Amino acid sequence: MADFDPPAKKRRGQRSGRRKGKKPSLPKAASPEATRSSGPSSQPKSAGAGKGLPPPHGGTESGQDAAARTVASIGDAARAHGWTKPIPYHRQAYAAIDLGTNNCRLLIARPSGDHFVVIDAFSRVVRLGEGLAQSGRLSDAAMDRALAALHVCAEKLKKRNVHLARSVATEACRRASNGAAFIERVYEETGIRLNIITAQEEARLAVLGCHILLEHGDGPAMIFDIGGGSTEMVLVDTREAVPRILDWQSVPWGVVSLTEGVGPIEDSPEARAAAYAEMRRRVDEGFATFSERVADERERAVKRGAIRLLGTSGTVTTLASLHLQLPQYDRRAVDGLIVPTQSMRAISQSLSRMSPAERVAVPCIGRERADLVVAGCAILESIFDIWPADRLGIADRGIREGILRSLMAAGNDAERSREALRNLKKGARA
């Protein structure tokens, strides 16, 4: 089944549009993401290969099963949209929506060989998890902001005649006591079916979406995703053509949850230093058992001089922009970049010492990230301690790209099944 059911097609009596009398308070929209091919041209010179991943170690959910449950068949989706003939695979538009604790992101693409070409994209800071640490609930203002962004997504899905879509919600909706009710409201008002995915599936999709940017090398590599409400670290074995997940860990510390967990910080150098140390302590504690589990692999990788690290998040792309001294964010310059970790450490420590006003004035940070970037820096430094690579790969891609690859693989399988059926019918007639 499709993950998008336009409200206009629903039975009479259901509501569509925003709730009357409520005007959402919106932060300034983020710049649209670059729309270009997610193919070899966007890889670093030493990018690795691989087309799929098994479920995470210890996980309870197969990513392929989840995609099958969400997507169902191409024919069902076509009938749901009123199409009488299946659209050729290469012309089908697929969409992925990732509603996180801090951002709402949409990507729409068409298949292109083993990769895909982006035809539309949208990203907006909605801060859905704002205040969640204190109240345990999604606030009305946060839900209104997220809904306003999802209305934009719904319009783009209709405009692009999206064939199949998968829309996911992560840590904020997992933790909130009213998360499920919010999911129902989203469907009622926008027609978008959001699935609250597990931390395991979140880690799997992030790896599936960005692992192609890993540097060539021997032995395991570490991939991480710093989100708004959680952070995932995944140890991946790349000795085979298809990467295999060896171990992973998710902790409930992202840039929003960690910032709110530590609380307001006095505007003094001493208070900022103490707050940063507390952030580092919490993240270190959260990843302590994982660090112990990967200790042997870490030691072997260090001895070989082949320790690889790849990160996907707003934190790493922002800091990479500062490393390049960009006047404004440029995805083409950042996605696939390899940066010395020592430079990223130095930038992190410098930002942690700045006052809020000083951070606002830094290019590529501004007001939207000024209060959250320090928590991201603390998480990043803890990751460097766990997996001490000399170089960090930067990925401006992740969950959405992972979803698209899963959807397109399912669509390609369906196309092959139809072709085989057509050949059987021809053979029977002959």
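The values are calculated or read from the model by the stated rules, or taken from the named source; none is laboratory data. Since the model is a prediction, treat every value here as computed from it, not as a measurement. Using ideal geometry, Cβ is built from the backbone for each residue, glycine included, and neighbour counts are taken over all protein chains shown.
Here are the numbers for this structure:
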| read-out | value |
| --- | --- |
| Test: Thr238 is among the β-branched types (Val, Ile, Thr), in contact with a Leu (Cβ under 7 Å, 6 or more places away or on another chain) and surrounded by fewer than 22 Cβ atoms within 10 Å (Cβ to Cβ) | yes |
| Residue count for segment 284-301, restricted to those that are buried (at least 18 other Cβ atoms within 10 Å of the Cβ) and free of Cβ contacts under 8 Å to residues at least 60 places away in the same chain | 1 |
| Single residue of segment 384-399 satisfying the filter (among the hydrophobic types (A, V, I, L, M, F, W, C) and surrounded by 24 or more Cβ atoms within 10 Å (Cβ to Cβ)) that is farthest from Tyr329 (Cα to Cα) | Trp387 |
| Residues located in segment 202-248, provided they are under 19 Å from the mean Cα position of the chain (by Cα) and basic (Lys, Arg) | Arg204 |
| Segment 252-283, residues that are within 19 Å of the chain's Cα centre (by Cα) and crowded, with 22+ Cβ neighbours inside 10 Å | Trp253, Gly254, Val255, Val256, Ser257, Leu258 |
| Residues located in segment 331-353, provided they are over 12 Å from Arg391 (Cα atoms) and free of Cβ contacts under 8 Å to residues at least 24 places away in the same chain | Ala333, Ala346, Ser350 |
| Residue check for Arg282: within 16 Å of Cys377 (Cβ to Cβ) and out of contact with any Cys (no Cβ under 7 Å at 6 or more places or on another chain) | yes |
| Selection count where residues are touching a Phe, Trp or Tyr at 6+ places or on another chain (Cβ under 9 Å), part of a loop (DSSP other than H, G, I, E, B) and farther than 15 Å from Leu235 by Cβ, scope segment 304-335 | 1 |
| Residue satisfying condition, being in the same structural domain as Gly229 (by TED's automatic domain parsing) and either at pLDDT 95 or above or assigned to a loop (DSSP other than H, G, I, E, B) (or both), within set Ala301, Ala346 | Ala346 |
| Residue ranges of helices (runs of 4 or more DSSP H) in segment 134-196 with at least 2 members outside the structural domain of Val256 (by TED's automatic domain parsing), modelled with pLDDT of 95 or more and more than 26 Å from Thr231 (Cα to Cα) | 140-159, 179-190 |
| Single condition Ile226 does not satisfy, out of (1) at pLDDT 95 or above; (2) surrounded by fewer than 24 Cβ atoms within 10 Å (Cβ to Cβ); (3) closer than 21 Å to Ala389 by Cα | (2) |
| Every pair of residues 6+ apart whose Cβ atoms lie under 6 Å, when the first sits in segment 258-278 and is over 10 Å from Ala133 (Cβ atoms) while the second is among the hydroxyl-bearing types (Ser, Thr, Tyr) and part of a loop (DSSP other than H, G, I, E, B) | Asp267/Ser355 |
| From the options Arg308, Arg304, Arg345, residue that is crowded, with 19+ Cβ neighbours inside 10 Å, of a type outside the set (Phe, Trp, Tyr) and more than 15 Å from Val255 (Cα to Cα) | Arg308 |
